[in-house]
1. Run the numbers for A183 and I136: contour at 0.36 nm per residue of separation, minus the present Cα-Cα distance, in nm.
2. Between K109 and E61, what is the label-point separation in nm under the 7 Å Cα-to-beta-carbon projection?
3. Exactly which GluC sites (Glu not before Pro) in segment 182-226 are in a DSSP loop and have at most 12 other Cβ atoms within 10 Å?
4. So for the chain, taking the charge dipole from beta-carbon charges (+1 Lys/Arg, -1 Asp/Glu), which of L135, L221, W51 sits furthest toward the positive end?
5. What ratio of Cα Rg to 2.2 N^0.38 Å holds for segment 60-218?
6. What net charge is computed for the residues neighbouring S18, neighbours being all others with C-beta under 13 Å from the C-beta of S18, Lys and Arg scored +1, Asp and Glu -1?
7. Per residue, how many Å² of accessible area does segment 14-76 show with a 1.4 Å probe?
8. Which entries in the list K2/K82; K2/K207; K17/K207; K19/K207 go over 24 Å, if you measure between the two C-alpha atoms of each?
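The values are calculated or read from the model by the stated rules, or taken from the named source; none is laboratory data. Remember, it's a predicted structure, so these values are computed and weren't measured experimentally. Note: ideal-geometry Cβ built from the backbone for every residue, glycine included; neighbour counts use all protein chains shown. Remember, those area values only see protein heavy atoms, side chains included, never the ligands or the DNA or RNA. Shrake-Rupley method; radii C 1.70, N 1.55, O 1.52, S 1.80 Å.
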Amino acid sequence: MKKIYDIDFAALSGEEKSKFILDFQEMARESFADCSFEVTINAQLLIFTRWWNSYRLMDPENPTPEILDTIMEKLWDYQQGKIEQSDFVHFANCLDAITIEIATGDTEKMDEDEAYYDFKAEHFWNWDGSYNSFLINVSYIFYEIREHETDWYCVGEMLDSDIADLKVPFFEDMDDEPDCTAAVMERRFREIYSTPTFCQVIALLQKDMRTVLEGRPMVELRKIYQNEYLFSPKECARVTEDWL
């Protein structure tokens, strides 16, 4: 069975592309089953860094909250061994409590420790709900590290819920939004998965997986990935134009 990062996504049929996205988590788990925990986390970190570098450029009139930069920096710092585990776990616990409140409105976790409210006041004072989805997905990496388990849930959600649901269907010429019947939406997503831009998205994420497997130092990769994008800055501007 081919590893997920060796599959030629663009060459798959429409049905096979849909199955690839549906089975993404399982295939990723199987493909990295023989890899160390650190390698698997690093692969997700490269993928999310690439996505973040583009995502933050899509709404220049509404700057991204600083906490999201802090979150990405914490992940890189920890994977480079710059942060003590206890400090990282505290940050992860605070982030978990606040993310639950933002996602569900439930403050039960927040009420467990006053430090969570202090953390929120310090870091989430200018939070913008339009970034909820990214926060939920990236915070899952903190959960994986804290619990020492990986299931690729966050990357699967990023692909299926964020990227495939962009208002601009990957800059390709497509019909307006269809009626929301199950059959029509299934056909719609097959069309999206087959666009050249979505195929390129998958190719870039596969590249990130292979890059991690090369064993290059994270300090080197951190410098490189400051300028790695899922969509180029020019393409991000096109997304903005259609959103406004």
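1. 14.1 nm
2. Label at E61, label at K109, 3.3 nm between them.
3. E214
4. Farthest along the dipole direction, towards plus: L221.
5. Rounded to two decimals, the normalised Rg is 1.22.
6. -1
7. For segment 14-76, the solvent-accessible area averages 41 Å² per residue.
8. Correct reply: K2/K82.
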